[in-house]
Amino acid sequence: MKYQSLNATSAILALWYVTNTSLSAFYKLTEQFGDAKQALMAELTKWQELGVHNAHIKRCQDADDVMAMVDGLYDESERGTYGMLFMDDERYPDMLRQIYDPPPVLFYRGEVARLSDRQVAIVGSRHPTEFAYQTTLNMAEYLTHQGLTVTSGLASGIDKAAHLGALLNGRGQTVGVMGTGINVCYPKNQNALYAQIINDGGCLISELLPATPPTKHNFPRRNRLVAGLSLATLVTEAAIASGSLITARLSAEQGKQVFAMPSSVDNVNAEGCHHLIREGATLIYHPNQIVDELSESMTGYNTLPKTFSRGVLALDDAHQKPPVPTPVVIPSHLQGVFDKLPDKPTDLDTLVMMTASDVGVLLGSLLELEMLGVVKVVGGRYERI
């Protein structure tokens, strides 16, 4: 079999391509067979028994296509189009090694040493108020002068302000986490920002294969890397349905501090921040408060109060009575997916087969159900609440 000739890193790239960058499928196979090469060489009937998606099995059967893809990735890397980091590389960020589902490979452009900096994530609305945008810019710049690197998701609005603010001190202290392939700029009007980050000494990373286009289900998975790289997450302005709250929740699940900025009570664009504060996130109004909080912990960060939980009011059992729950109305277009969700944590590949849905459509539906507070993600697996 042609896969016999692959070395360890080539096998990782091959399996990452075969599984279409599915974390659940990749780790299911490597845990079952020991490593990527053994997984590729295993009988495909064993893959079927594990519940691996048929599309992955079909792709594995076309070894010529897989080998050509691997060769192409190495060719582009040798030409300097991008670099590749595997988990056994000492430059692979330790912070990501600690999360539940670290990327088996990272594609990067720019200064890779940035990934080992002490980082703070700054996230928020794509359509912020002018005040929030300027405040984010100022906070990011201040944090870099305190020796911290600012990490965000390269989106318009708050993300962009965070990156630009971090670049103001001239030392390139920013990391941009992409929800596309490393060579795909999205949004398209961010070309200048991407170039500035690379040229000024920052770093761009993606776990997705080069040329992967923007699809809505890839951006939530990007958020776990933003949270994973960082010692803490700051939300400067976000609506209640903002994806930034997912980043905050992921940061809390990883035992890290979550900060949020308050705003006017009639600012609907800040309802997400007020929600986080109500649930136990640390209210801040000056970036030095972040520096002080981080310096108090020997490990570099403080954990959130145990009462922090997304979608549920934080309770102090000794002083408060639980609120009467408000019934959640599930929209009709999500009801079919919700009805098929099992009560136990289930990986994405299994859900794709159970619902007979396209993976992109299913991920979009699961994200909406998560925002409604009726589904949660634990260790990359989905379950009803």
Which pairs, out of 28/340; 28/256; 2/216; 28/344; 216/340; 28/58, put more than 25 Å between their alpha-carbon atoms? 28/256; 2/216
Within the chain: Cβ-based charge dipole about Cα centre, in debye rounded to nearest 20 (Lys, Arg +1; Asp, Glu -1): 340
Of the GluC sites (Glu not before Pro) in segment 29-95, those whose Cβ has at most 15 other Cβ within 10 Å and which sit in DSSP loop: 43, 90
Where in the chain is the longest stretch that carries no trypsin sites (Lys or Arg not before Pro) classed as loop by DSSP and with at most 11 other Cβ atoms within 10 Å? 80-305
Apply the a/c threshold of 1.5 to the C-alpha gyration tensor of segment 31-106 and tell me whether it is rounded, prolate or oblate. oblate
For 234, 15, 85, ascending order of other Cβ atoms within 10 Å (fewest first) is 85, 15, 234
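If a/c stays under 1.5 just call it rounded; otherwise compare a/b with b/c (prolate if a/b is bigger, oblate if not). Do that for the chain, with a ≥ b ≥ c from the square roots of the Cα gyration tensor eigenvalues. Provide the component values of the computation, followed by the final result.
Numbers: a/c = 1.94, a/b = 1.25, b/c = 1.55.
It comes out oblate by the Cα gyration axes.
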Listed residue (178, 220, 287) projecting farthest to the positive dipole end of the chain, Cβ model: 220
Using 0.36 nm per residue, how much length does the chain from residue 87 to residue 63 gain when fully extended, once their Cα-Cα distance is taken away? 6.2 nm
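Bear in mind these aren't lab numbers, they're just calculated from the coordinates by the rules spelled out. Just so you know, these numbers come straight off a predicted model, no measurement behind them. In this analysis, Cβ positions are derived from the backbone assuming ideal geometry, glycine residues included, and neighbour counts consider all displayed protein chains.
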